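Written below as structure tokens is the structure these notes are about.
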Amino acid sequence: MPNRVVAVLGPVQEMYPVTCASAVFGDHGPDIPRHYDFRLCTERPGPVRTTMGVDVVVEDGLEALADADTVLVAGWCPPASADLDAAVLAAHARGARIVAICSGIHVPARLGLLDGRTAAAHWEAAGELSRHYPTVRADGTVLYVDHGDVATAGATATTVDLCLNQVRREHGAALAMRIGRQLSAAPHREGCQRQYPALPTAGPVPDSLAPLLDWIAANLGRPISLTDLAARSGMSPRTLNRHFHEQLGISPGRWLLDRRIASTRAMLEETDLPVETIAERVGLSSAVNLRRRFRAAVNTTPAEYRRAFR
């Protein structure tokens, strides 16, 4: 049975995170297996005003959360709703996953589902969230935080990343990559990456790293050093390393290894290639090195991972 994803729409709803979630969890045609069923609900069924100035007609009320496997709270402006709180709390109690985007984080925070936990908050709202909920560790630097039962994203633009992360957790990296490619999404961003680049105090704003990241993804099988990346980007290794930390929150080496592990997972899921061949194709040089890196990243062996996802 497909995972039932229900997005809760509130008054004056921003539709961008809703449509992003629908794009990931919706129908992708006959060539991509469908594991999710996406629907909408609201506290009072009928027309729901959106920030676009038009209404969206939502037929289902909060009773739709009674059988939801994933509850997406895509922004919810105060005041609090006792009916919504009760429905979300009941869904979580029976095992549903709660995904809160941007201001939607107030809902699980208010219910105590984030007490003692880190939550990704928009960098402009992290202070306010901490003041309202001092037991929640609001982090305004990361893209998203996924605890399994509750996941948070601070910015609406992170919705695709967080939803693809759920697909990857539940159905493997290969399916997440196939959906991402169909959506022409950027390479999957880990939750630890930064929400926004730091601006330099002097001089021109650096060019985007996107062309270099695309080149890395297309050339994983090659030996790639920091010196190689610096030369290709026209920067010194030190400057390139600084830009990676400023714009992504991680080092070039970490980003490269994450891409190699993601490609390894996809090949283990979709092919019968031996580990030695996969190691060569993703640039990890040997089966011994791949197994060591893979266990450190995924906490299992390539063989065990293949058995689980094939």
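Here, each number is a calculation from the coordinates, and none is a lab measurement. From a predicted model like this one, the values you see are computed outputs, not experimental measurements. Here the Cβ is made from the backbone with ideal geometry for all residues, glycine too, and neighbour counts use every protein chain on show.
Structure notes:
- Local electrostatic count at GLY61 - Lys and Arg +1, Asp and Glu -1, tallied over other residues with Cβ under 10 Å: -4
- Translational diffusion coefficient of the stretch 199-310 (Stokes-Einstein, Kirkwood radius from Cα pairs, 10 °C, 1.306 mPa s): 105 µm²/s.
- Estimated FRET transfer efficiency when R0 is 51 angstrom, pair ALA217-ASP55 (beta carbons, to 0.05): 0.80
- CD proxy at 222 nm, helix term only [per DSSP H run n ≥ 4: -39500 (n - 2.57); per residue of the chain; nearest 500]: -12500 deg cm²/dmol
- Residue-wise HN-Hα coupling along the stretch 130-135, computed from phi with Karplus coefficients 6.51, -1.76, 1.60 (Hz; x: Gly, Pro): 5, 5, 6, 10, x, 7
- Tilt relative to the chain, helix 159-171 - C-alpha long axis, 0 to 90 degrees, to 10: 80 degrees
- Inter-label distance, nm, simple model (7 Å from Cα along the C-beta direction), ALA80/LEU226: 4.8 nm
- Dipole axis of the chain (+1 Lys, Arg; -1 Asp, Glu on Cβ), positive-most option in GLY104, LEU175, PRO252: PRO252
- Residue of ALA173, ALA151, ALA109 that the Gaussian network model of the chain assigns the largest fluctuation, springs spanning Cα pairs under 10 Å: ALA109
- A Förster distance of 30 Å, applied to the separation of the beta-carbon atoms of ALA157 and ARG181, puts the FRET efficiency at 0.95.
- The alpha carbon centroids of the stretch 247-292 and the stretch 96-136 are separated by 34 Å.
- Cα centroid of the stretch 168-182 to Cα centroid of the stretch 1-38, whole Å: 15 Å
- Proximal charge balance of GLY221 [Cβ under 12 Å; K/R count +1, D/E count -1]: +3
- The orientation-averaged projection of the convex hull spanning the C-alpha atoms of the chain amounts to 17.7 square nanometres.
- Assuming charge only on the beta carbon of Lys and Arg (+1) and of Asp and Glu (-1), the dipole of the chain about its Cα centre is about 1260 debye to the nearest 20.
- Phi to ³J(HN,Hα) by Karplus 6.51 cos²θ - 1.76 cosθ + 1.60 over the stretch 210-215, Hz, x for Gly, Pro: 3, x, 5, 5, 5, 5
- Ranked by how many other Cβ atoms sit within 10 Å of their own Cβ, fewest first, the residues CYS102, CYS163, CYS41 fall in the order CYS41, CYS102, CYS163.
- Within the stretch 3-182: Cβ-based charge dipole about Cα centre, in debye rounded to nearest 20 (Lys, Arg +1; Asp, Glu -1): 360 debye
- For the stretch 254-310: rounded, prolate or oblate by the Cα gyration tensor [a/c cutoff 1.5]: rounded
- Likely footprinting exposure, LEU113, LEU162, fewest C-beta neighbours within 10 Å first: LEU113, LEU162
- Neighbourhood net charge (12 Å Cβ-Cβ; Lys/Arg +1, Asp/Glu -1) for LEU256: +3
- Choice from VAL73, VAL54, VAL160 with maximal GNM fluctuation in the chain (Cα, 10 Å cutoff): VAL54
- Percent breakdown of C-alpha pair distances by 10 Å bin, ordered from the shortest bin, for the stretch 208-261: 25, 66, 10
- Among THR264, THR51, THR118, residue whose mean-square fluctuation peaks in a GNM of the chain (springs only between Cα atoms under 10 Å): THR51
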